[in-house]
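Here's the structure we're looking at; comments come further down.
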Amino acid sequence: MVTPEIFATQPAPDRWLVIGTAVLALAAVAPSAIWRLSRNAITIAHEGGHGLIALVTGRRLEGIRLHSDTSGLTVSRGRPTGPGMILTAAAGYTAPPLLGLGGAWLLAAHRITLLLWVATALLLAMLVMIRNAYGALTVVLTGAAFLLVSWLTEPEVQAAFAYAAVWFLLLGGVRPAFELQVKRRHGGAPDSDADQLARMTHVPPAMWLFLFHAVSLCSLIGGGRWLLGL
C-alpha cells in the first residue's frame, strides 16, 4: 500500500500522457453510446454544484437524487427568489467545467495526490446528502475509484487517472449546455435551469445558456492550456 503525502508535489508527467488522457476523455464524451454512461459523472458534479452553492448561500439542503437516465434533482429550502436561489440554480451547468478548471490548476502546480484526495473528500461529503439507491451507488463507485487509485497505485497511474478525470470534466462540461439548447429548440426541458433562472431574474433563457456556454468553453481553453503547460 502506498501512503500518500497529500500536500507533496509530484513530477510533471510526460507530454504523451497528457495528450493521451485528453484523447481518452474525448472518447468518453463524443460518442453518444458511451456518453449515456459517462454522463453520470457529469451529473454528479452538476448536482454537487447545486448542493454546494445552496449551503454556501445559507439555504437548507434537503437532499440530492441521481437517476439512471443521467438526470438529477437537488432540493433545498429557503427563499424562492433572491441571490442565493439564483446562484444555486446557476451552479449546475457551470460546476463541472469550473471543477475541471480547478483541477487543471492543481495539476499545473504538480499537486496530483492532493487533487485525488480533494475529489474523494467532495464525493464523501456529497454521499451524505444522496437520497436514492442509484445515486448512492454511483457516488460510492466514483469515490472508491479515486480512493483506490490514491492509495494503491504508483505515481504514473495516479497521474494518468488525475489527468483523465480533469480532461473529462473540462470536455464533458461543454456538451450538456449544447444538449439543453437542442432540447429547448424542440420544445423540451421547459423547467430547465435556464428557464428557472429566467423566471427568477426576467433575463431570457438564451442569456443564461450563453453564460453556460461561456463558462464551459473558457474553462476548457484555460484548463487545457494549464494541462498542456502552455
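The values are calculated or read from the model by the stated rules, or taken from the named source; none is laboratory data. Model, not experiment: these values are computed from the prediction. Because the Cβ atoms are built from the backbone with ideal geometry, glycine has one as well, and the counts that use them run over all protein chains shown. Just so you know, the surface numbers come from the protein's heavy atoms only, side chains and all, with ligands and any DNA or RNA stripped out. Shrake-Rupley method; radii C 1.70, N 1.55, O 1.52, S 1.80 Å.
At-a-glance table
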| read-out | value |
| --- | --- |
| Inter-residue pairs, beta-carbon under 6 Å, first polar (S, T, N, Q) and in region 175-196, second surrounded by 13 or more Cβ atoms within 10 Å (Cβ to Cβ), 6+ apart | Gln181/Leu209; Ser192/Leu180; Gln196/Ala89 |
| Check on Ala28, hydrophobic (A, V, I, L, M, F, W, C) and buried (at least 20 other Cβ atoms within 10 Å of the Cβ) | no |
| Set Val203, Val157: member being assigned to a loop (DSSP other than H, G, I, E, B), open to solvent by 30 Å² or more (accessible area, probe 1.4 Å) and either farther than 19 Å from His50 by Cα or free of Cβ contacts under 8 Å to residues at least 24 places away in the same chain (or both) | Val203 |
| Residue match in region 168-189 (condition: aromatic (Phe, Trp, Tyr), open to solvent by less than 20 Å² (accessible area, probe 1.4 Å) and either within 17 Å of Ala25 (Cβ to Cβ) or under 13 Å from the mean Cα position of the chain (by Cα) (or both)) | no |
| Filtered residues of region 71-83 (kept if touching a strand residue (DSSP E or B) at 6+ places or on another chain (Cβ under 8 Å) and not in a loop (DSSP other than H, G, I, E, B)) | Gly72, Leu73, Thr74, Val75, Ser76, Arg77 |
| Flag for Leu37 being in a helix (DSSP H, G or I) and more than 16 Å from Thr142 (Cβ to Cβ) | no |
| Residue check, Ala104 open to solvent by 30 Å² or more (accessible area, probe 1.4 Å) and within 27 Å of Val18 (Cα to Cα) | no |
| Residue list for region 1-25, restricted to those being at pLDDT below 85 and surrounded by fewer than 10 Cβ atoms within 10 Å (Cβ to Cβ) | Met1, Thr3, Phe7 |
| Residue in region 126-141 that is in contact (Cβ under 8 Å) with a residue 24 or more places away in the chain, open to solvent by less than 60 Å² (accessible area, probe 1.4 Å), over 21 Å from Ser32 (Cβ atoms) and in a loop (DSSP other than H, G, I, E, B) present | yes |
| Filter result for Thr74 (of a type in the set (S, T, N, Q), modelled with pLDDT of 95 or more, touching an Asp or Glu at 6+ places or on another chain (Cβ under 8 Å) and within 21 Å of Asn40 (Cβ to Cβ)) | yes |
| Top-ranked residue in region 56-70 [being within 30 Å of Ala27 (Cβ to Cβ) and in a loop (DSSP other than H, G, I, E, B); ranked as least open to solvent (accessible area, probe 1.4 Å)] | Thr70 |
| Qualifying residue in region 184-196 (condition: of a type in the set (Gly, Ala, Ser), at positive phi and out of contact with any strand residue (DSSP E or B) (no Cβ under 6 Å at 6 or more places or on another chain)) | yes |
| Residues within region 130-147 that are touching a helix residue (DSSP H, G or I) at 6+ places or on another chain (Cβ under 6 Å) and among the aliphatic types (A, V, I, L, M), tallied | 3 |
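Residue-by-condition table, conditions (1) open to solvent by less than 20 Å² (accessible area, probe 1.4 Å); (2) touching a Leu at 6+ places or on another chain (Cβ under 9 Å):
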{"residue": "Thr43", "(1), (2)": "yes, yes"}
{"residue": "Ala54", "(1), (2)": "yes, yes"}
{"residue": "Gly72", "(1), (2)": "no, yes"}
{"residue": "Gly82", "(1), (2)": "yes, no"}
{"residue": "Tyr93", "(1), (2)": "no, yes"}
{"residue": "Thr113", "(1), (2)": "yes, no"}
{"residue": "Leu116", "(1), (2)": "yes, yes"}
